[in-house]
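Have a look at the structure below before the remarks.
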Amino acid sequence: SDPIAQLLHSVRNPLGALFFAAEGAQTGLVDPSEAIASVLQSAERIRSVLDRASRFFRDRELQPESVVVSGLARESIEGIRWLADARDIALELDGELPEQEAFVDRSLIVIALTELIRSAIHEMGRGGRVGILAERDHDGHSTCFAISVTGTCTFDEPQRGSAAVSPGDSTNRQGLGLSMVRNIAETHGGTLRVAPDSNGGTVACVQLVDRQ
């Protein structure tokens, strides 16, 4: 079965409970203390699911296939658009996407890109914009996906009690988001970089090498 579908199914229920509790507390329909307990419980369930997914995909052998680069970008956006819409965040494709094919593990790359977008949306709160740009290098053997965000964003979820980190600082990151994405990028012979951009926002670049 499709590991992406399994991951989305496992996360959907606790996410729904989380939003229900938050909206209930906001409207006064749910006692704030009960809402907080529900939110924390849902967050732990989501963290557990993603932790298992991270271990699974880290240990799993690559299954590379020929995939159209533009299709990877579109699939990643459509899988998480509902969350962006709920937060009034614009989620858009930047520029002309290449129609060339890359030889990568489709499931892993979609999960990596979706995880970056999801982490950014949760960190941004409400409003703003997330864009995704895909480019094939001139050598024809590597692909770069750039996730750009308005404002400062670490693309990470630090563990409770850990110090805050700033964009560009790849040390001491304890969150699951970047750890999973970095593992996936490295299994493709690539890298992950997070840095400020010239417009005062933040960009995460996932560089992948064809695994042919």
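The values are calculated or read from the model by the stated rules, or taken from the named source; none is laboratory data. Model, not experiment: these values are computed from the prediction. No Cβ is skipped: glycine too gets one built from the backbone with ideal geometry, and neighbour counts run over all protein chains shown. With ligands, DNA and RNA removed, areas are computed over all heavy atoms of the protein, side chains included. Shrake-Rupley method; radii C 1.70, N 1.55, O 1.52, S 1.80 Å.
Here the simple spin-label model places points 7 Å from the Cα toward Cβ, and for Arg52 and Glu96 these points are separated by 4.5 nm. Other residues lying with their Cβ under 12 Å from the Cβ of Leu97 contribute a combined charge of -4, Lys and Arg counting +1, Asp and Glu -1. Suppose each label sits 7 Å from its Cα in the direction of the beta carbon; what would the Arg126-Arg211 distance come out to in nanometres? So the label points at Arg126 and Arg211 sit 4.1 nm apart.
If Lys and Arg each add +1 and Asp and Glu each add -1, what is the summed charge of the other residues whose beta carbon sits under 11 Å from the beta carbon of Gly131?
Values: positive: Arg129; negative: Glu92, Asp94, Asp197.
Taking every Cβ under 11 Å from that of Gly131, the sum is -2.
At the residue level, Val209 shows approximately 50 square angstrom of accessible surface with a 1.4 angstrom probe and all protein chains present. Note on Leu93: accessible area is roughly 70 Å² with a 1.4 Å probe, heavy atoms of protein only.
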